[in-house]
Every structure is written in C-alpha cells, then in structure tokens.
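To start, the structure under review is shown below, and the notes come after it.
The values are calculated or read from the model by the stated rules, or taken from the named source; none is laboratory data. Worth saying up front: this structure is predicted, and the values here are computed from it rather than measured. Every residue, glycine among them, receives a Cβ derived from its backbone with ideal geometry; neighbour counts consider all protein chains shown.
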Amino acid sequence: MEIIRFEKLSKKFGQGDSEVQALRGIDLTINQGEMIAIIGTSGSGKSTLLNILGTLIKHSEGKYYLRGKDISEFKEKDLAKVRNSTFGFVVQSFALIKNFTVYENVEIPLQYSRSKRKKEYETKIKTILTKLKIRNKIYSSPIELSGGQCQRVAIARALVNDPDVILADEPTGALDKKTGEEVLEIFKSLKKEGKTVIIVTHDINIANQCERIIRIEDGQIIN
C-alpha cells in the first residue's frame, strides 16, 4: 500500500546568484513496509530528500502526497501533529539531551502527543527500552552510555509514538562495524513488524541489505 508519493518534486535554497537547486524533478513512490536505502555523494541531495520526506522542510515545486493527501493543503499545526505521529527520526549524532536521563530523552515525543497520562508514558517507554535491550539504563545519563547504547536510545525515542515511518540519517556512521550491524538488525526487525524504514547511508554494505536502493546525484534519482 502506498504511503508516500512525490511528483516532479524540487527544492531550491537561496535566491538569485546564491540559489542552489538541491532536488530536481523527483518522482518517487514508497509503500508501507518497505526498507529503503538512499545513497549518494556528499551534497547530492539525499539528506534534503530525507528532510522533505519527514516534512521537516518544505519542497519548492511539485507535489508530496502522504497517504494520498497533498501535504501543501495541511495547516502548520495539523502538519506538526502528522509529523509527530507518522515519522520517527534517527540521526547519526544521536541528538540526546545530556542532562536528561534515558527515560526523559525517550519521553520527549510523547509530550507532543494527545496522550497526557504519565502511567501510560512509563509503560510504553519501559516496553520499548526492554525490546531494545537497554532497560537497565533507563535512569542513566547519555554521557554514561556507549555509542551503540546512545543509538538504541535514539531509536527508542523514534519509536515511542508508534510511527509508521522511520527516517534514519547515517544511523551507523558514528558506530563501529559490530555495533552498526546490531543497529541494522533492529531496523530489519522493525521492517518485519510492518514499519517503513528509510535509511540515508554512505555505506554500500548497509544499502545492499535494504530491499531497494535509491541513488541520488546532483539532486536527481539516477536509478
């Protein structure tokens, strides 16, 4: 089932002499439950594509349909709700708040959801941390964790609102090979559960373990 569709989508930054064409006429369809790699050289447009997928930035031209609806017709507050419930974001640098505990970091997306029940938060967070084999670090600070443990916390935070789509930007880039493989196995298990997983990576070995590879060069899909 289709979840995302781009039609002739483009993105420009700047104006006049400083204008940069980051994406050019992208046509793309993504189905629920796919595991996709986006690869390309630095500056090719792959991170811009990921940010537009997650509605973090707006496209300049073309159409973006999310579950068949044109997102340009959404009011900003409605788009924010959709973003929080539909997408989970995982980044290379983990983006954890150092003076928060693991629990408090994972809880952040729940603060923007409709549910306000603290007990509900607690059950959900503990369940996810157990699943990711990091339950014993629930009240630790990120500075007490290894890189692999920090990435598991970041994944837990991405999953806490039960999103349909996981967007991961170089999720293994800061990890050693063994830990990176463990993180990739987590993404594979999420795909088996029906999540759509989209990974930006420089690592062709990671890309080859995905169902589909999207190659970006000079802002265009080349395959």
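Tell me yes or no: at least one residue of segment 135-142 is among the aromatic types (Phe, Trp, Tyr) and under 23 Å from Leu50 (Cα atoms).
no
Of the residues that sit in segment 149-173 and are surrounded by fewer than 23 Cβ atoms within 10 Å (Cβ to Cβ) and polar (S, T, N, Q), which one is nearest to Thr196 (Cα to Cα)?
Applying the filter and picking the extreme gives Asn161.
Would it be correct to say that Thr55 is outside any strand (DSSP E or B), under 17 Å from Ile199 (Cα atoms), of a type in the set (Val, Ile, Thr) and touching a helix residue (DSSP H, G or I) at 6+ places or on another chain (Cβ under 7 Å)?
It is true that Thr55 is outside any strand (DSSP E or B), under 17 Å from Ile199 (Cα atoms), of a type in the set (Val, Ile, Thr) and touching a helix residue (DSSP H, G or I) at 6+ places or on another chain (Cβ under 7 Å).
So that you can scan it fast, the table gives a plain yes or no per residue for (1) of a type in the set (Ser, Thr, Tyr); (2) closer than 26 Å to Asn31 by Cβ; (3) buried (at least 20 other Cβ atoms within 10 Å of the Cβ):
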{"site": "Tyr112", "(1), (2), (3)": "yes, no, no"}
{"site": "Glu122", "(1), (2), (3)": "no, no, no"}
{"site": "Ser140", "(1), (2), (3)": "yes, no, no"}
{"site": "Gly147", "(1), (2), (3)": "no, no, no"}
{"site": "Ser189", "(1), (2), (3)": "yes, yes, no"}
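Restricting attention to segment 1-41, which residues are in contact (Cβ under 8 Å) with a residue 24 or more places away in the chain, out of contact with any Gly (no Cβ under 8 Å at 6 or more places or on another chain) and small (Gly, Ala, Ser)?
Of everything in segment 1-41, those that are in contact (Cβ under 8 Å) with a residue 24 or more places away in the chain, out of contact with any Gly (no Cβ under 8 Å at 6 or more places or on another chain) and small (Gly, Ala, Ser) turn out to be Ala37, Gly40.
In segment 65-105, which residues are assigned to a helix (DSSP H, G or I), within 30 Å of Glu144 (Cα to Cα) and at pLDDT below 90?
Matches in segment 65-105: Asn84, Ser85.
All but one of (1) part of a strand (DSSP E or B); (2) farther than 20 Å from Glu211 by Cα hold for Ile38; which doesn't?
Every condition holds for Ile38 apart from (2).
For segment 44-60, state whether one or more residues are closer than 24 Å to Gly147 by Cα, out of contact with any Asp or Glu (no Cβ under 7 Å at 6 or more places or on another chain), surrounded by fewer than 20 Cβ atoms within 10 Å (Cβ to Cβ) and touching a residue at least 12 places away in the same chain (Cβ under 8 Å).
no
What number of residues within segment 1-23 are of a type in the set (D, E, K, R), buried (at least 18 other Cβ atoms within 10 Å of the Cβ) and closer than 13 Å to Ile221 by Cβ?
Within segment 1-23, residues that are of a type in the set (D, E, K, R), buried (at least 18 other Cβ atoms within 10 Å of the Cβ) and closer than 13 Å to Ile221 by Cβ number 0.
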